[in-house]
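Enquirer: Before we start, here is the structure in question, set down as structure tokens.
Each value in this text was obtained by applying a stated rule to the coordinates, not by laboratory testing. Everything numeric in this text was worked out from a predicted model, so none of it was measured. Counting neighbours? That spans all protein chains shown, and the Cβs are built from the backbone with ideal geometry, glycine included.
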Protein chains: 2
Amino acid sequence: MVLTTAEENYLKAIYHLSDGGTKSVSTNDVAAEMKTKPASVSDMLRKLGDKEVIEYRKYYGVNITEEGKKRALNTIRKHRLWEVFLVDKLQFAWDEVHEVAEELEHIQSPLLIQRLDEFLNYPKFDPHGDPIPDEFGDVKARPRLALNEMEIDSSGQIVAVKDSSAAFLKYLDKVGAYIGARIKILDKVEFDGSMEILVDQKKTLFMSKDVAANILAIQS
Amino acid sequence: MVLTTAEENYLKAIYHLSDGGTKSVSTNDVAAEMKTKPASVSDMLRKLGDKEVIEYRKYYGVNITEEGKKRALNTIRKHRLWEVFLVDKLQFAWDEVHEVAEELEHIQSPLLIQRLDEFLNYPKFDPHGDPIPDEFGDVKARPRLALNEMEIDSSGQIVAVKDSSAAFLKYLDKVGAYIGARIKILDKVEFDGSMEILVDQKKTLFMSKDVAANILAIQS
DNA sequence: AAATATTTTTAGCTATATCTAAATTAATTT
DNA sequence: AAATTAATTTAGATATAGCTAAAAATATTT
């Protein structure tokens, strides 16, 4: 059964909203995520239900099926491999890749993806630190640490924040500790837990333990 | 004015059928090329006429406009750059690239194409020897020579045949002188014009002047 | 120049993916 | 338990891109 581009996008959204298929998802939530109207979603859910990639009970939301999960993971795999390509090979910036990858992920060619994976040397994580499912849909989780839990001299990349208030994000932006920044722990002060951190191999940053505890990184 | 994928494909077909915009093209010819029905073509020509990429006079065929030519050349540029990528970087074979490139050419991102061009080191020709238009639509023509016109010790790649009869193609297939083969002229016999040719750096081939005259190559 | 053949267009239909507005069902208050 | 609110679905549009069958225009014969 072949899915259209629109169907693939809906399925991916449902997969994400359902936390990888662990909970059911409402029509309104899908509409919000896809930036369409609930009426359009109802139509699409009927189609996806007919194709047996979701289980659809009218008025009671949807659950993704095993087949649907497999399809969604394959789309995610393609998306993330293309993101690696764009950043590693074409020098795209971190925040420039998403839209293009959104188009590239729908190219239909298993050989292309196999060869791309090989060309990129079988990456396990995309530039955002998100895991790339393998061809069977298996994903390697990678633990995220708060900066204050990292050892002196260890390196990594900022992938998320615990506190996503405007004030905190603004502060991070100002000091250059953006999502995606490569970091190295230079020093930790015993007394108050404050830290000295090297950002992108060029800029040294001082931050309180409080701030460090709210920044999540992957270790490399 | 944005063109849909279908519109881009029609425009490209019209560009090719019109020999780069030098002659007008009939509805039936477009239908044959696109493998659709003339009725569908009439609809599409009206749309393309409205978008001013072709000049459309009912019952009298179409001519491509300057704007249309620019658009078609850009699509061709993208197609051929992706073909280079697939062959040079992902080890696709020569005859495996067309369908995938047909999808990739519709990805909308000028930055992507600019970076891809750079990554591929600004290639001027695709793996079939066809020229890649630059960002302004300018193309470098490259002369094609019959093998018997090539000098001893010169190298190149087979790009076309003059005689495309089944018998001739079957013969070429059998001896390994396929379209795309890299060749080197090892010797030419003065007496009868027959030639000795190295194919893909490993196989030596003897052929009559008659055969050589029917194989076209690009010199490298 | 009329008849015939060919080409092209139009009319009306199908399918996908969207929308708005109205109707229906489920959930929450009172 | 009835009334109200919220969520969801259905009905009826629109736009794209295709189709068949019929009509119309052009081209070719006789």
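Enquirer: Could you give, in nm with one decimal, how far A:Ala166 is from each other copy of that position, shortest first, with labels 7 Å out from Cα toward Cβ?
Expert: 7.4
Enquirer: Shifting gears a bit: Report, in deg cm²/dmol and to the nearest 500, the calculated mean residue ellipticity at 222 nm for the protein assembly as shown, where each DSSP H run with n ≥ 4 adds -39500 (n - 2.57) and the sum is divided by the residue count.
Expert: Details: 16 runs with 170 residues, N = 440.
Only helices count here, giving -11500 deg cm²/dmol.
Enquirer: Would you kindly compute the Cα radius of gyration of region A:66-182 and its largest Cα-Cα separation (Dmax), both in Å?
Expert: When restricted to the Cα atoms of region A:66-182, Rg and Dmax are 15.9, 46 Å.
Enquirer: Compare the Cα positions of A:Leu216, B:Phe119, B:Val25 along the charge dipole of the protein assembly as shown (+1 at Cβ of Lys, Arg; -1 at Cβ of Asp, Glu; about the Cα centre) and return the one farthest towards the positive end.
Expert: It is B:Val25.
Enquirer: To continue, here is another question. Give me D for region A:144-203 in µm² s⁻¹, whole number, from Stokes-Einstein with Rh from the Kirkwood sum over alpha-carbon pairs, 37 °C and 0.692 mPa s. The partial results should precede the final answer.
Expert: Numbers: Rh = 12.1 Å.
D = 272 µm²/s.
Enquirer: For a distance above 34 Å, tell me the whole-number percent of Cα pairs in the protein assembly as shown that qualify. Working shown, then result.
Expert: Numbers: 50688 of 96580 pairs.
Pairs farther apart than 34 Å: 52 percent.
Enquirer: Just to check, using Stokes-Einstein with a Kirkwood Rh over alpha carbon pairs, what's the diffusion coefficient of region B:29-93 at 10 °C and 1.306 mPa s in µm²/s? Each step should come with its number before you reach the end.
Expert: Numbers: Rh = 13.7 Å.
Translational D for this selection: 116 µm²/s.
Enquirer: Restricting everything to alpha-carbon atoms, can you work out Rg to Rh for region B:1-113 with a Kirkwood hydrodynamic radius?
Expert: Working: Rg = 14.7 Å, Rh = 14.6 Å.
Here Rg/Rh amounts to 1.00.
Enquirer: Restricting attention to region B:90-170, which GluC sites (Glu not before Pro) occupy a DSSP loop and are surrounded by at most 13 other Cβ atoms within 10 Å?
Expert: Numbers: sites: B:Glu96, B:Glu99, B:Glu102, B:Glu103, B:Glu105, B:Glu118, B:Glu135, B:Glu149, B:Glu151; in loops: B:Glu96, B:Glu105, B:Glu135, B:Glu151.
Qualifying residues, ordered by number: B:Glu135, B:Glu151.
Enquirer: When the gyration tensor of chain A is built from Cα positions, what are the square roots of 5 times its three eigenvalues, in whole Å, from largest to smallest?
Expert: On the way: eigenvalues 269, 88, 42 Å².
After scaling each eigenvalue by five and taking roots: 37, 21, 15 Å.
Enquirer: For region B:72-125 and region B:177-220, compute the distance between their C-alpha centroids and round to whole Å.
Expert: Using only Cα atoms to place each centre, the spacing works out to 29 Å.
Enquirer: Which distances in nm, rounded to one decimal and ordered from shortest, link the label point of B:Asp95 to the equivalent label points in the other identical copies, with labels set 7 Å from Cα toward Cβ?
Expert: Label point to label point, same position, other copies: 4.9 nm.
Enquirer: Also, quick follow-up: Between copies, how far does the label point of B:Gln201 sit from its twins, in nm, shortest first, when each point is 7 Å from Cα along Cα→Cβ?
Expert: So the distances to the same position in the other copies read 3.3 nm.
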